Amino acid sequence: MNKDKSKLVDLWIGKPGFDFLGFHHQRIRVLRKGGKVAHVLRSYPSKKAMKKMRAKVREELAPRNRLYWSPAQVVANLNPIIQGWRNYYGSVDPGMSRRFLSKMDWHINRRLILYWRKKHKRNRMTPTEIVQFFRSIGLKTASGYGQGL
């Protein structure tokens, strides 16, 4: 066991929690039926993991040579990455992870809009239409929203 990496963590309310295997684990206060207060351990993607996910999307869509690719090629490259994130982060604590994975969906959509606008200089499509176009050709979502999950 590595003594530098190992530590005891206090998970009482107000404490920061800890990061482990790409998740941030923290005890959170929740309100139950009848006004009762409960303390629940929740897990969601860590800030470092979210930053790496954003960098991966940027790495996939930012290079100028990607502008020569068809949208179907871009979707074919992004889908395995998105599916992997959804399988890993979405299964541990779906209620909490979905909120963070929907932020990733927003980031992916924003990068796809930038890609589309660079590729088509005089395009008249709105951002919503661009996102709907990519969804219609098979783009998956990280949060699973709108896919029957």
Item to complete: Check region 124-139 and report whether any residue there is within 18 Å of Val57 (Cα to Cα), assigned to a loop (DSSP other than H, G, I, E, B) and among the small types (Gly, Ala, Ser).
Response: yes
Item to complete: Only residues in region 99-121 that are at positive phi and among the acidic types (Asp, Glu) count as the first member; pair them with residues that are at pLDDT 95 or above and surrounded by fewer than 18 Cβ atoms within 10 Å (Cβ to Cβ), Cβ under 6 angstrom, at least 6 apart or cross-chain, and list the lot.
Response: none
Worksheet item: From the residues in region 1-32 that are of a type in the set (D, E, K, R) and at pLDDT 85 or above, which one is nearest to the chain's Cα centre (by Cα)?
Response: Asp19
Worksheet item: Taking Gly35 and the conditions (1) surrounded by 11 or more Cβ atoms within 10 Å (Cβ to Cβ); (2) at positive phi, which numbered condition does it fall short on, given that it satisfies the others?
Response: (1)
Worksheet item: assigned to a helix (DSSP H, G or I) and of a type in the set (Lys, Arg) - does that describe any residue in region 34-44?
Response: no
Discussion item. Restricting to region 33-59, and then to whatever is β-branched (Val, Ile, Thr) and under 24 Å from the mean Cα position of the chain (by Cα), can you tell me which residue is modelled with the lowest pLDDT?
Written reply: Val40
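The values are calculated or read from the model by the stated rules, or taken from the named source; none is laboratory data. Owing to the predicted nature of the structure, the values given are computational and were not obtained by experimental measurement. So basically every Cβ, Gly included, is an ideal-geometry build from the backbone, and we count neighbours across all protein chains shown.
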